[in-house]
Amino acid sequence: MEMDVQLDLNRIPRHVAIIMDGNGRWAKQRGLDRSQGHQAGAETVHQIAEEAARLGIDFLTLYTFSTENWNRPEQEVTALMGLLFEHIEEETFMKNNISFQVIGEIDKLPEFVKGKLMACVEHTSQNTGMSLVLALSYSSKWELTEATRQIAAEVKSGKMELSAIDSDTIQQHLATKHMPDVDLLIRTGGEQRLSNYLLWQCAYAELYFCETFWPDFKELELRKAIADYQHRERRYGLTSEQIIDLVI
C-alpha cells in the first residue's frame, strides 16, 4: 500500500468522525446499481477502521444511516439493512482489538440487524484498542431532544435543580457521553455540510471536506486528512499567543 504522507504519531486526533458520502454517485459513474456502491462502501469501512486502529485513533465514529435515510425508497433501505447485517464481522474487530459500539434510535432497526449489532457490542466489549462507533438511525436533533427530555424528567422528579443545568449536564445525557468531543470531522463526496451529525460534539472540530467518493477513500486518503489536521492550530477561542504561553 502506498504511504507517502508522513504523520506525527504524537498528534493523532483522539476522535475522528466521518460522513461517508458518495456511494450512490460512485456507482452511477460506473453504470452500476446504487446497492453496488453501498457494497463497495462497506468494504472501505473495514479498511479505514483497520488503518485508524493502526494509527492510534481512540474513537472512529461513522455516520452509517441517518434518521432521514428512512425516507429513502423501501428497496434501498432494505438493501442497506441487509448489507449492514452481512458486514458486521467480529473477526475484524477481534483481530485488531477494536471495541464495537452503536449510537442512535436502535429500536427502529429490524430485529435481525439489532440482534447482530448488540451481540457484536457485547463480544467486543473487553477489547482495549480503538472504539468503532456506528451512528445508526441517528441525528443530532433526535439526540438533543432525547437529552432535553431526560433532563426535564430529572428536574420534574426532583433529582436535579433547574439552576444546576449546564453544558456538562447536557454532555452527560448525550449518546456519546462516554466519548471525547470530535477532533476531526471528515466528509467525503464533495458536499460541505454536517447533515445533522454530531452537532454538539463537533463544536470545536476541525472540518475536512474532500471530493473523493467514500468507496475510493482508502488508507492514503485518511492519512491526508490527518496530515491536514496536524497543520492546523486549534485555538478554542484563544489567540495564537495564548496557545504558545499555555504550551510553554
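No value in this document is a laboratory result; all are computed from the given coordinates. For clarity, every value in this text was computed on a predicted model and none was experimentally measured. All Cβ positions, even for glycine, are placed from backbone atoms using ideal geometry, and neighbour counts span all protein chains on display.
The table for this structure:
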| item | result |
| --- | --- |
| The range 1-155, relative contact order in percent, only Cα pairs under 8 angstrom and at least six apart counted | 26 |
| Modelled FRET efficiency - R0 30 Å, Glu76 with Thr169, Cβ distances, 0.05 increments | 0.20 |
| In order through the range 216-225: 3J(HN,Hα) via Karplus (6.51 cos²θ - 1.76 cosθ + 1.60), integer Hz, x for Gly, Pro | 9, 7, 9, 4, 4, 5, 5, 5, 4, 5 |
| Proximal lysines to Lys156, defined as alpha-carbon separation beneath 30 angstrom and excluding residues fewer than eight positions away on the same chain | Lys108, Lys141, Lys177 |
| Cut-off 13 Å between beta-carbons: net charge of the residues surrounding Leu117, Lys and Arg +1, Asp and Glu -1 | -4 |
| Two-decimal Rg to Rh for the range 103-142 - Kirkwood Rh, Cα set | 1.01 |
| Sequence-distant lysines (8 or more away, or on other chains) whose Cα lies within less than 19 Å of Lys218 | none |
| Residue order, fewest to most surrounding Cβ atoms within 10 angstrom, among Thr176, Thr145 | Thr145, Thr176 |
| Calculated P(r) tail over 23 Å for the range 106-248, as whole % of Cα pairs | 56 |
| Cα-Cα P(r), the range 1-135, percent of pairs per 10 Å interval | 11, 40, 35, 13, 1 |
| Rg [Å, one decimal], Dmax [Å, integer] - the chain, C-alpha atoms | 19.0, 60 |
| Cα-based convex hull volume of the range 1-77 per residue, rounded to whole Å³ | 113 |
